[in-house]
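Okay, so here's the structure we're looking at.
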Amino acid sequence: MGPAKTRNSGAGFTLIELLIVIAIIGILAAIAIPNLLNAVQRARQKRTMADMRGLATAVEAYCIDNSLYPTAASCSTYPYTATPSAIDDSSWTQLVPTYLSNPPRRDGWANNYGYVNDASNYLIQPKGRDGRYTSFGSLVCGTTTNFNDDIVYANGQFIQFPDGPQN
């Protein structure tokens, strides 16, 4: 008779080995998930900035042809206020189709862009991650490191924009 076969012949993993593997996966996930969430917010910022540049180019082209900046809504008057009014899906009728075939109306966080204009100035502003416009007097000109801070484009240039590590 040969050797007796034992029930536990070492063909599986022990509980300790499984716990160690789960702990390693948990540590890797704890490192990777915040970086992933940060990358998603940065992608939304970049998309918003690209949309704003395209929209501003169309606004500038309209101004060259008509000697005034377009109103955002289809109505003939648009009041200049310090805090932008949200454009809606019927906005930018003056830009379509000559200057921009399908103007972006929502930022990377799915909020409507804000637009302010007077005879010689314009401002395009998304709401950012928090979904609120920052009043014009509260803007920090230059760089920002907060996803809740609005990206602001006025008269052909970004006056508030993201830079560096974001929070």
From the list Tyr62, Tyr69, pick out the single residue that is in contact with a helix residue (DSSP H, G or I) (Cβ under 6 Å, 6 or more places away or on another chain), under 17 Å from Gly156 (Cα atoms) and surrounded by 13 or more Cβ atoms within 10 Å (Cβ to Cβ). Tyr69
Could you check how many residues of the stretch 96-153 are surrounded by 20 or more Cβ atoms within 10 Å (Cβ to Cβ) and among the aliphatic types (A, V, I, L, M)? 5
Just to be sure I understand, how many residues within the stretch 135-151 are in contact (Cβ under 8 Å) with a residue 24 or more places away in the chain and either in a loop (DSSP other than H, G, I, E, B) or among the β-branched types (Val, Ile, Thr) (or both)? 4
So Thr98, is it among the hydroxyl-bearing types (Ser, Thr, Tyr) and under 20 Å from the mean Cα position of the chain (by Cα): no
From Pro70, Pro97, grab the single residue that is modelled with pLDDT of 85 or more and outside any helix (DSSP H, G or I). Pro97
Reported set for the stretch 137-149 where residues are at pLDDT 80 or above and either more than 21 Å from Val40 (Cα to Cα) or within 12 Å of the chain's Cα centre (by Cα) (or both) is Gly142, Asn146, Phe147, Asn148
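The values are calculated or read from the model by the stated rules, or taken from the named source; none is laboratory data. No experiment lies behind these values; they were computed from the predicted model shown. Neighbour counts run over all protein chains shown; Cβ positions are idealised from the backbone, glycine included.
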